[in-house]
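The values are calculated or read from the model by the stated rules, or taken from the named source; none is laboratory data. Every value quoted in this text rests on a predicted model; they were computed, and no experiment measured them. Neighbour counts are summed over all protein chains in view; Cβ atoms, including those assigned to glycine, are modelled from backbone coordinates with ideal geometry.
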Amino acid sequence: MTEKTFTPTPDNSPAFREALGCFGTGVTVVTTDSGNGPRAITVNSFSSVSLDPPLVLWCLANDSHRFNSFNACQHYSIHVMAEEQQDQALRFARDGLDFSHAVWETDHKGRPQLANCLARFDCKLHAKHEAGDHLILVGEVEQVMYRTGKGLIFKRGQFGGFADLL
């Protein structure tokens, strides 16, 4: 493949997106209670921020149909999806209102918690920062759950996982 060099501008945002897609990320589903029922959104913009205090962040597109629900939330859960949860992640990417395909329960703060994920970070909102066409949400982690297993990975527009080493 030929190497491409460019200055990112609105006119070449597809190329910028393609370059960003070279970085593989884990897949997460963020859930909250909107007051009108549970809401979910699939995101790959998840990162740790701080160990003390325990902070994590994720990014929400300003033009997301779910922006109002997540912009207003004070408590949410971030689920690191397992490799076998690809279908669930895709369904939540398309529709954040339909939980009929998921096994879940609500915790004492109203956060919908999905079953069978690799890890879950139950957060309370710590800070919000406007950043271009996204909102950065920083959460203080109140509780963590994790287990062994293979994670769902997203790279260059495709889902996958890691192969076992021989």
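Some points to look at:
- Test: VAL49 is at pLDDT 95 or above and within 12 Å of the chain's Cα centre (by Cα): no
- Leading residue by the ranking (surrounded by the fewest Cβ atoms within 10 Å (Cβ to Cβ)) among those in segment 1-34 that are in contact (Cβ under 8 Å) with a residue 24 or more places away in the chain and part of a loop (DSSP other than H, G, I, E, B): CYS22
- Scanning segment 21-28 turns up one or more residues that are under 16 Å from the mean Cα position of the chain (by Cα) and within 20 Å of LYS124 (Cα to Cα).
- Against the conditions (1) of a type in the set (D, E, K, R); (2) over 17 Å from TRP58 (Cβ atoms); (3) in a strand (DSSP E or B), ARG39 satisfies every one except (2).
- Count of segment 133-151 residues which are in contact with a helix residue (DSSP H, G or I) (Cβ under 9 Å, 6 or more places away or on another chain) and modelled with pLDDT of 95 or more: 2
Results for (1) small (Gly, Ala, Ser); (2) in contact with a strand residue (DSSP E or B) (Cβ under 7 Å, 6 or more places away or on another chain); (3) farther than 16 Å from PHE99 by Cβ, shown as yes or no for each residue.
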{"site": "LYS4", "(1), (2), (3)": "no, no, yes"}
{"site": "THR7", "(1), (2), (3)": "no, no, yes"}
{"site": "LEU20", "(1), (2), (3)": "no, no, yes"}
{"site": "PRO38", "(1), (2), (3)": "no, yes, no"}
{"site": "SER48", "(1), (2), (3)": "yes, yes, yes"}
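- If you go through segment 116-166 and keep only what is of a type outside the set (A, V, I, L, M, F, W, C), surrounded by 15 or more Cβ atoms within 10 Å (Cβ to Cβ) and touching a Gly at 6+ places or on another chain (Cβ under 8 Å), you end up with HIS126, GLY151.
- Test: residue in segment 108-117 that is among the charged types (D, E, K, R), more than 27 Å from GLY21 (Cβ to Cβ) and part of a loop (DSSP other than H, G, I, E, B): yes
- Looking across segment 10-24, just one residue is within 12 Å of LYS155 (Cβ to Cβ) and of a type in the set (D, E, K, R), and that is GLU18.
- In segment 123-138, the residues that are outside any strand (DSSP E or B) reach residues that are of a type in the set (A, V, I, L, M, F, W, C) with C-beta atoms within less than 8 angstrom, at least six apart or across chains, in these pairs: ASP133/ALA61.
- Only listed residue being farther than 23 Å from GLN74 by Cβ and of a type in the set (S, T, N, Q), chosen from THR148, THR106: THR148
- Any hit, segment 53-65, residues being surrounded by fewer than 16 Cβ atoms within 10 Å (Cβ to Cβ), within 20 Å of MET145 (Cβ to Cβ) and not hydroxyl-bearing (Ser, Thr, Tyr): yes
- Residue match in segment 48-55 (condition: closer than 26 Å to ALA119 by Cα and in contact with a Pro (Cβ under 9 Å, 6 or more places away or on another chain)): yes
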